[in-house]
Amino acid sequence: GENVEQHPSTLSVQEGDSAVIKCTYSDSASNYFPWYKQELGKGPQLIIDIRSNVGEKKDQRIAVTLNKTAKHFSLHITETQPEDSAVYFCAASRDSGYALNFGKGTSLLVTP
Amino acid sequence: GAVVSQHPSRVICKSGTSVKIECRSLDFQATTMFWYRQFPKKSLMLMATSNEGSKATYEQGVEKDKFLINHASLTLSTLTVTSAHPEDSSFYICSASTGGDYEQYFGPGTRLTVT
């Protein structure tokens with residue numbers, strides 16, 4: 001089955017700095033890679049996703065890159081703000097209707 | 001759009017009782033719903049996948065007789081924890097997919113505490 005590794009497990013940055021979270025996956029058939037933000041006591045919220053036919057996608061301060069050959073993808077948050085503090089999960093999936101395989105999460109803390 | 005609700009948000013029950021958690025897609029039809037379990041400071045663990053009108057597919061190690069899943073309509077799936085024990089205390093989260101795209105929309109989660 002799919003195995004998704006996520007690093008780092010914790011990340012502390014100062015407000016305004018960039019944050020990068022990296023994930024690797026094992027199943028070459030995976031072709032959908034979403035990123036979720038989870039605040040304490042709440043369900044995960046999709047913040048950005050990428051499909052295997054593109055290498056990079058950007059949405060304002062958030063970007064995701066995908067390297068299918070190396071089987072890794074990354075989340076980049078620029079100009080971080082304290083409200084970006086949360087746990088971020090990467091995930092991988094083969095197709096619609098398939099369950100997501102989650103990484104173990106990264107606890108991001110943005111200090112003012 | 002694409003809102004998923006869960007009810008209740010929190011529930012406390014006594015050991016040995018059963019608890020039902022509802023997951024609803026409010027503005028779309030969900031052909032597939034997923035149930036996850038999350039322990040404190042841990043990732044989401046898939047429990048089962050359910051397609052409307054058919055039996056749920058459970059992940060290895062998940063007792064189907066203990067965690068009953070029903071997906072009776074395209075907007076509702078229920079998870080019933082039967083004969084709950086303290087070790088069943090956890091955060092249960094559902095997600096729903098239209099099947100037409102890859103995206104899964106997550107509910108806000110249900111915090112179950114078994115005393």
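The values are calculated or read from the model by the stated rules, or taken from the named source; none is laboratory data. Owing to the predicted nature of the structure, the values given are computational and were not obtained by experimental measurement. Using ideal geometry, Cβ is built from the backbone for each residue, glycine included, and neighbour counts are taken over all protein chains shown.
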- Item | The listed residue being surrounded by 15 or more Cβ atoms within 10 Å (Cβ to Cβ) and either over 17 Å from A:L108 (Cβ atoms) or in contact with a Ser or Thr (Cβ under 8 Å, 6 or more places away or on another chain) (or both), out of A:I47, A:I77 | A:I77
- Note on the structure: Here the residues within the range B:12-24 that are aliphatic (A, V, I, L, M) and under 14 Å from the mean Cα position of the chain (by Cα) are B:V19, B:I21
- Note on the structure: A:K58 passes all but one of the listed conditions (1) at pLDDT 95 or above; (2) closer than 23 Å to B:Q38 by Cβ; the exception is number (2)
- Message: For the structure I just gave you, tell me whether A:K22 is without any contact (Cβ under 8 Å) to a residue 60 or more places away in the chain, surrounded by 14 or more Cβ atoms within 10 Å (Cβ to Cβ) and basic (K, R).
- Response: yes
- Query: If A:H76 satisfies every condition in (1) under 11 Å from the mean Cα position of the chain (by Cα); (2) under 24 Å from B:I93 (Cβ atoms) but one, which is the exception?
  - Reply: (2)
- Query: Could you say whether any residue in the range B:53-68 is in contact with a Lys or Arg (Cβ under 7 Å, 6 or more places away or on another chain), part of a strand (DSSP E or B) and farther than 30 Å from A:L108 by Cβ?
  - Reply: yes
- Query: When you look at A:T65, is it among the polar types (S, T, N, Q) and free of Cβ contacts under 8 Å to residues at least 24 places away in the same chain, yes or no?
  - Reply: yes
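Applying the selection to the range A:74-108, what residues are of a type in the set (A, V, I, L, M, F, W, C) and away from chain B (no Cβ under 14 Å)?
A:L75, A:I77
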- Query: Of everything in the range B:18-39 that's touching a strand residue (DSSP E or B) at 6+ places or on another chain (Cβ under 8 Å) and outside any strand (DSSP E or B), which residue is surrounded by the most Cβ atoms within 10 Å (Cβ to Cβ)?
  - Reply: B:A30
- Message: If A:T69 satisfies all but one of (1) away from chain B (no Cβ under 12 Å); (2) of a type in the set (S, T, N, Q); (3) touching a Pro at 6+ places or on another chain (Cβ under 8 Å), what's the number of the condition it fails?
- Response: (3)
- Item | Selection count where residues are within 13 Å of chain A (Cβ to nearest Cβ) and within 15 Å of the chain's Cα centre (by Cα), scope the range B:25-57 | 21
- Quick one: is B:T78 farther than 22 Å from A:A86 by Cβ, surrounded by 17 or more Cβ atoms within 10 Å (Cβ to Cβ) and either within 11 Å of chain A (Cβ to nearest Cβ) or among the polar types (S, T, N, Q) (or both)? yes
- Query: Looking at (1) buried (at least 16 other Cβ atoms within 10 Å of the Cβ); (2) under 24 Å from B:M45 (Cβ atoms); (3) in contact (Cβ under 8 Å) with a residue 24 or more places away in the chain, which is the one condition that is false for A:V110?
  - Reply: (2)
